[in-house]
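The values are calculated or read from the model by the stated rules, or taken from the named source; none is laboratory data. Note that the coordinates shown come from a computational prediction; the quantities given were computed from them, not determined experimentally. Here Cβ is always computed from backbone atoms with ideal geometry, including for glycine, and neighbour counts include all displayed protein chains.
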Amino acid sequence: MESISIGTMFWMTVAAFLTFCIFSFLYRDNPFYRFAEHLVVGISAGYWIAILYHTSLTDLWIDPLFASVTAFGNAEGSVAGKIGMLMVNILPGAIGLLMFSRFFKKTSWVSRWPIAYYLGVSAGVALPLYLQGFVIRQVAANMMDPRSIFGMIFAGGGAANFFQGIGEIIIIIGSICGLAYFYFSAEHKGIFGGAAKLGIWILMIGFGATFGYTVMARISLLIGRLNYLIEWVGALSGFFGS
Amino acid sequence: MKNNIWDRLMNLDRRWVYLVIGLVTFLPILVMVDMPVQITSEVKSVFDRVETLPEGTVIMIPMEYSPDTMAELQPMARAVLRHCFSRGLKVISTALQIQGVLLIEQDLRTIADEYDKVYGEDYVFLGYKPYPDIVILNMGENFRKPFPLDYYNNELDDLSMMAGVSNYSSVACIVNINATSGVDSWINYANGRYGVDLALGVTAVIATDYYAFLQSGQIFGLMGGLKGAAEYERLIGRKGVANKAMTSVSVAHVFIILFIIIGNVAFFASGRGNRA
Amino acid sequence: MRREVPLTIVFVCGAFMAFQYFVPHHVSATIYQYALNWTIIIGIFTLAVGIGSLINLHYDRISKRKERWQYSVVTLAALAYMTTLGLLSPNALQDPKSLLMTMYFYVLSPVQATMFALLAFFIASAAYRAFRAKTLLATLLMLSAVIVMLGRVPIGDMLTGWLPEGMRFSDIARYILDYPNTAAKRAIYIGVGLGVGVTALKIILGIERTWLGGGK
Amino acid sequence: MRVAPQIPKAACFLFFIAVTAAQQPSGESVDSAPVTPETTSLYGDLAPGSPEGVTAEDQPNDPGSAIIVRWNLAPGDNDKDSLVSGYLVYRSESTDGDFALISSLPTGSTEFTDSGDHLINGNRYFYKVASVYPADTLFSAVSDAAVPRPQFFHTRRLMVFIFMLLFSGTTVAFIIQAKKGRKLYVRPIAGINAVDDAIGRATEMGKPILFVPGLGDASKVATIAAFTILARVAKKVAEYQTRIIVPNYDPVVMTICQEVVKEAYSSAGRPDAFDPKDVYFVTQDQFPYTAAVNGTMLRERPATNFYMGMFYAESLILAETGFVSGSIQIAGTDQLIQIPFFVVACDYTLMGEELYAASAYLSQEPQQLGTLKAQDWGKVAAVALMIAGIIVYLLSTGGGNSFTTWVMGG
């Protein structure tokens, strides 16, 4: 087996050390955890600066801005079009710069303009998108042919068909009752209260299922970390053994 | 207040729970306890394809996983690589997700060393290039287009294995081990556009989304998460990390359920259940 | 000025984007693309404000020698180091062997993965503490979780292997995931969709203005 | 590089050559005269033929610059015979002009979308499709002229458009009614009442309150709802003279949280008590952020933790650590997968829609409460639409299918 370079061994040990630091948190807060926590906050903030600078800022702003400036040296195209393009590329930067008004107490209210733009665009995009994806699509998914459902239940197509038919009824009734649970305009009383109660039962069964479903993936992650530590021990003994 | 065993169990320090979970996950990794794992046809068909390729055939195993997804996909990648190397197949690999390149390079090298494979003769690692869609498309024309040099800065033509290997038409099939949404690019471009036979290894959670491609014949095999890896390990007769993990996972589940039962017994035995 | 301008911006941008969804024309599509890009660019400028806040907080701890100020030195040093690595090298992100990526690989990602792995412990302790059959609701939550857990691992089917196919833990788990779970999801999705809709409208119409803070 | 349409399956060598040819930017012009097959025996009894019924038309509901070409399968393109090895699509700007090869498609294809800036809106385009046989390539007749155009209204989104207008109208109507002073009944919600209690508890204990606005950026409506809850919490905190700590994941969220908390302090008459360093940015990275918030919980020992907004896998890490530090915990998220973990580990959880309701509740403005009524009417409308769909199915299965497709939209 090829021996591991001293550099790789060093970095592997750093990674193993940090793994132990984080695991130590399970016992209690301690200096090792605090060290790892503070280290990784700085590292990740710096990493994101690099990512955003190299990807978003250059691709979306700096490069197009330069292109629109150099376009003036080009004979093709109308001057008005070029000025328009330049404005389109200058403006977001200018709006972004308004954020820096926060650094001064007197002007900090100016920073609400970019925030207003940000929230306005976000809310406008979200409104039809959520109504479509979360409301209309889900409603349409509940439009099932009752004849095929009853066919599955009563036509004697075997247990599998029977339970599938029942399941589809559970979906329709369950989701309507779930909505009843969230209904704010009436108290949970009478028939309506019964529906709301059935609704919260269905919600709880669904939550339990989601919980149970993720356990395996979480244990897999722990196994992944433990395997890394075992590998590191192996590499370490190989490194000092050779 | 009576301080009997039930009360103490009710207020058990959480660290005991942590310790038990840690131990029951860790011990099966050290000691092999066999758990029956059923072999599914979609994993078997990947194995069968690799098993029937003649010695010396070139196979492509692109790998896209990173430290946060390696727990599920690394055992699978290793099992497939072991199978290929043990059968004397030649392997071309890429890593089109930047976060995983170092990891994948290590994995490939480690497994190749196990079988005394020589770089350039038995396997080639092309490494990383940004914009996976375009890289996948360009490799369909020629590997040398996106990768004039391999990961170690060798000219591809200087590597004896690459002689006569121009593009996907020179490889028998692709087994893509992928934790990213880039899976779709391999399906659409490598298989869809260039018609290479493609099999996938993906994480357990997203595996359910890809059964449709299996049925439509766009992929010839599918491995999902640790379970898929465990099956593959069994097929090559070398039960390793994934099979141990299956035991860990099973035992950990049992213990979590035991904890729930103990918690409930304590709850009712301590008399709090009656008051509630 | 301080309130009217932002409220006008919110209304104009919000109403435009909401109606844009229904207009496939390329002019509308282009404006949409620019509008989204601009939010990203503004976000990057704001990151500078965020980093300023981070530096300010830790610098304050150090300069005032607050409790555990030494750790703040670690944060600021790491930040400076990583930023330098990232900004000085033009292709640090394209080169897997760069020091920036090495730091990512051996420092950042082990911590991320280990934090994530803590969940294995927390999921167990939470289950132990909270899954108690105190009420009908708690019992339903617990039973459904236990059945799905058993249905996901080989041992569940070992326990129920003697039952006919369709009655084993994995089958029941599948059934719970396919039907009651879908019903629950659907109810929540529809509610969330309406909640988001109303909140977005309140923002656009200027009824919801907590984000404006105070001032005249 | 132009991205190819999804092609399901193809492995033919001929096809491969064709693809390579298609990538020549100029595109070769081809002779349009049909080739007479010389070696008919090659195909058995079957006579090879060109694709019939070639149509080309503007793609609907698009920004423009796209045309859909459709044709029927050529003879022998089926599982039994599988004689055809692919199709070639050609385009020209006049019926008798040069037809350039623009794409090659595998067997079984009956459709191709030609799109991109090379199609000028308003111009006329003509298409021809050829079927490729082992020894022959047979050309279809030229299609009718197709004119790419952009559309001004997306017809498949009509249902959403109607729903959005009705829903917005209802919301505005309720707001106006509430402004006029009409009393609107809204039932109490347990989790929301708990918010006030928890703040009271924190002040009694003299400990700080931790408010985690989640991992969403400010464009997420759940995060926006969290701002309103933060405003309420911060105001109480300012009144009771305790401290509020808000660690942030997103810098835009941080600036808004600062504004919100600052305003709460000044409206409580204590503007000087606000310390901007208590509303701070950590890092825009899930687990480092979680690590830092965990540390804060164990060191500051807050009396109450609020988790409001978007949460992912870190939900349980935060909530379990908060439990260990002995805090009362109130969560609210619309992230379906994380709700169970909050339900299990927190004292109160605002599930999904309740998060949005809470922001209206806590503001205590009548017009905000009015919007809750609109949400309820939305639910009634949703259930009514569901039932309508089921009734249409009872009338006719085909009608049900097309109604569902229409509602679903695109």
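Every test in (1) free of Cβ contacts under 8 Å to residues at least 12 places away in the same chain; (2) in contact with a helix residue (DSSP H, G or I) (Cβ under 7 Å, 6 or more places away or on another chain); (3) of a type outside the set (D, E, K, R) is passed by A:Ala94 save one, and that test is (2). For the stretch D:281-328, filtered to residues that are buried (at least 24 other Cβ atoms within 10 Å of the Cβ) and small (Gly, Ala, Ser), the residue that is nearest to the other protein chains (Cβ to nearest Cβ) is D:Ala291. Within the stretch B:74-109, the set of residues being closer than 22 Å to B:Arg238 by Cα and without any contact (Cβ under 8 Å) to a residue 24 or more places away in the chain comprises B:Gln106, B:Arg109.
Does the stretch B:100-120 contain at least one residue that is under 26 Å from B:Tyr189 (Cβ atoms), of a type in the set (Ser, Thr, Tyr), modelled with pLDDT under 95 and assigned by TED's automatic domain parsing to the domain that holds B:Asn188? Break it down into steps so the answer makes sense when it comes.
We begin by selecting, within the stretch B:100-120, every residue under 26 Å from B:Tyr189 (Cβ atoms); these are B:100-105, B:107-108.
Those left that are additionally of a type in the set (Ser, Thr, Tyr): none.
Looking through the stretch B:100-120, none of the residues is under 26 Å from B:Tyr189 (Cβ atoms), of a type in the set (Ser, Thr, Tyr), modelled with pLDDT under 95 and assigned by TED's automatic domain parsing to the domain that holds B:Asn188.
Conditions tested, residue by residue: (1) in a strand (DSSP E or B); (2) on the phi > 0 side of the Ramachandran plot; (3) more than 30 Å from the chain's Cα centre (by Cα).
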site: D:Pro51; (1), (2), (3): no, no, yes
site: D:Pro60; (1), (2), (3): no, no, no
site: D:Ile102; (1), (2), (3): yes, no, yes
site: D:Pro148; (1), (2), (3): no, no, no
site: D:Arg157; (1), (2), (3): no, no, no
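The listed residues are B:Ser185, B:Ser166, and the only one of them that is of a type in the set (Gly, Ala, Ser), assigned to a helix (DSSP H, G or I) and within 14 Å of chain D (Cβ to nearest Cβ) turns out to be B:Ser185. Put simply, of D:Ser32, D:Ser41, D:Ser65, D:Ser26 the only residue that is more than 14 Å from chain C (Cβ to nearest Cβ) and either modelled with pLDDT of 70 or more or crowded, with 17+ Cβ neighbours inside 10 Å (or both) is D:Ser32. Checked against (1) surrounded by fewer than 19 Cβ atoms within 10 Å (Cβ to Cβ); (2) facing chain C (nearest Cβ under 8 Å); (3) free of Cβ contacts under 8 Å to residues at least 40 places away in the same chain; (4) of a type in the set (A, V, I, L, M, F, W, C), B:Ile262 passes all but condition (3).
Of the residues that make up the stretch A:142-155, is at least one touching a helix residue (DSSP H, G or I) at 6+ places or on another chain (Cβ under 6 Å), surrounded by 17 or more Cβ atoms within 10 Å (Cβ to Cβ) and free of Cβ contacts under 8 Å to residues at least 12 places away in the same chain? Within the stretch A:142-155, one or more residues are touching a helix residue (DSSP H, G or I) at 6+ places or on another chain (Cβ under 6 Å), surrounded by 17 or more Cβ atoms within 10 Å (Cβ to Cβ) and free of Cβ contacts under 8 Å to residues at least 12 places away in the same chain. Screening C:Ser63 on (1) more than 10 Å from chain A (Cβ to nearest Cβ); (2) in contact (Cβ under 8 Å) with a residue 60 or more places away in the chain shows it passes everything except condition (2).
Residues of the stretch B:1-37 that are assigned to a helix (DSSP H, G or I), exposed (fewer than 14 other Cβ atoms within 10 Å of the Cβ) and within 40 Å of the chain's Cα centre (by Cα): B:Trp16, B:Leu23, B:Leu30.
Results for (1) modelled with pLDDT of 90 or more; (2) within 30 Å of B:Thr203 (Cα to Cα), shown as yes or no for each residue.
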site	(1), (2)
B:Tyr131	no, yes
B:Asn153	no, no
B:Leu159	yes, no
B:Met162	yes, no
B:Tyr168	yes, yes
B:Val171	yes, yes
B:Ile174	yes, yes
B:Asn178	yes, yes
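Among the numbered conditions (1) facing chain A (nearest Cβ under 9 Å); (2) in contact with a strand residue (DSSP E or B) (Cβ under 6 Å, 6 or more places away or on another chain); (3) not acidic (Asp, Glu), tell me where D:Leu355 comes up short. Against the list (1) facing chain A (nearest Cβ under 9 Å); (2) in contact with a strand residue (DSSP E or B) (Cβ under 6 Å, 6 or more places away or on another chain); (3) not acidic (Asp, Glu), D:Leu355 comes up short only on (1). Across the stretch C:189-206, the number of residues qualifying as more than 7 Å from chain A (Cβ to nearest Cβ) and closer than 20 Å to D:Gly332 by Cβ comes to 4. Screening the candidates C:Gly43, C:Gly14 for the property of being touching a residue at least 40 places away in the same chain (Cβ under 8 Å), assigned to a helix (DSSP H, G or I) and either touching a His at 6+ places or on another chain (Cβ under 7 Å) or at the interface with another protein chain (Cβ under 7 Å from one of its Cβ atoms) (or both) yields one hit, C:Gly14. Cβ-Cβ contacts under 7 Å between residues 6 or more apart (or on different chains), taken from a first residue in the stretch D:193-205 that is over 14 Å from D:Asp347 (Cβ atoms) and assigned by TED's automatic domain parsing to the domain that holds D:Gln241 to a second residue that is surrounded by 14 or more Cβ atoms within 10 Å (Cβ to Cβ) and not hydroxyl-bearing (Ser, Thr, Tyr), are listed as D:Met205/D:Ala303.
Does A:Val139 qualify as being farther than 14 Å from C:Lys185 by Cβ and buried (at least 23 other Cβ atoms within 10 Å of the Cβ)?
no
The rows are residues; the columns are (1) part of a loop (DSSP other than H, G, I, E, B); (2) farther than 30 Å from C:Tyr128 by Cβ; (3) touching a His at 6+ places or on another chain (Cβ under 8 Å); (4) not small (Gly, Ala, Ser).
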position: D:Glu354; (1), (2), (3), (4): no, no, no, yes
position: D:Ala357; (1), (2), (3), (4): no, yes, no, no
position: D:Leu362; (1), (2), (3), (4): no, yes, no, yes
position: D:Leu369; (1), (2), (3), (4): no, yes, no, yes
position: D:Ala374; (1), (2), (3), (4): no, yes, no, no
position: D:Lys379; (1), (2), (3), (4): no, yes, no, yes
position: D:Ala382; (1), (2), (3), (4): no, yes, no, no
position: D:Ile387; (1), (2), (3), (4): no, yes, no, yes
position: D:Ile390; (1), (2), (3), (4): no, yes, no, yes
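With the structure loaded, tell me whether D:Phe274 is among the aromatic types (Phe, Trp, Tyr) and surrounded by 22 or more Cβ atoms within 10 Å (Cβ to Cβ) or whether it fails that test. Spelling it out, it is not the case that D:Phe274 is among the aromatic types (Phe, Trp, Tyr) and surrounded by 22 or more Cβ atoms within 10 Å (Cβ to Cβ).
Selection over the stretch D:249-271 of residues that are crowded, with 22+ Cβ neighbours inside 10 Å, facing another protein chain (nearest Cβ under 7 Å) and of a type outside the set (A, V, I, L, M, F, W, C) gives a count of 4.
Residues in the stretch C:48-66 that are in a loop (DSSP other than H, G, I, E, B) and either polar (S, T, N, Q) or out of contact with any helix residue (DSSP H, G or I) (no Cβ under 8 Å at 6 or more places or on another chain) (or both): 2 in all.
When the stretch C:148-172 is filtered for residues that are more than 7 Å from chain A (Cβ to nearest Cβ) and crowded, with 23+ Cβ neighbours inside 10 Å, the ones remaining, listed by number, are C:Leu150, C:Gly151, C:Gly156, C:Phe169.
Among the numbered conditions (1) at the interface with chain A (Cβ under 7 Å from one of its Cβ atoms); (2) modelled with pLDDT of 95 or more; (3) surrounded by fewer than 17 Cβ atoms within 10 Å (Cβ to Cβ), tell me where C:Val73 comes up short. Checking C:Val73 against (1) at the interface with chain A (Cβ under 7 Å from one of its Cβ atoms); (2) modelled with pLDDT of 95 or more; (3) surrounded by fewer than 17 Cβ atoms within 10 Å (Cβ to Cβ), the one that fails is (1).
Exactly one residue out of A:Phe66, A:Phe100 is in a helix (DSSP H, G or I) and at the interface with chain C (Cβ under 9 Å from one of its Cβ atoms): that is A:Phe100. Taking the stretch D:215-235 as the range and being over 21 Å from C:Ile41 (Cβ atoms) and of a type in the set (S, T, N, Q) as the test, only D:Thr228 passes. Being more than 7 Å from every other protein chain (Cβ to nearest Cβ) and under 29 Å from C:Pro164 (Cα atoms) is the filter here, so list the residues in the stretch A:174-217 that pass it. A:Thr214 - this is the single residue of the stretch A:174-217 that is more than 7 Å from every other protein chain (Cβ to nearest Cβ) and under 29 Å from C:Pro164 (Cα atoms).
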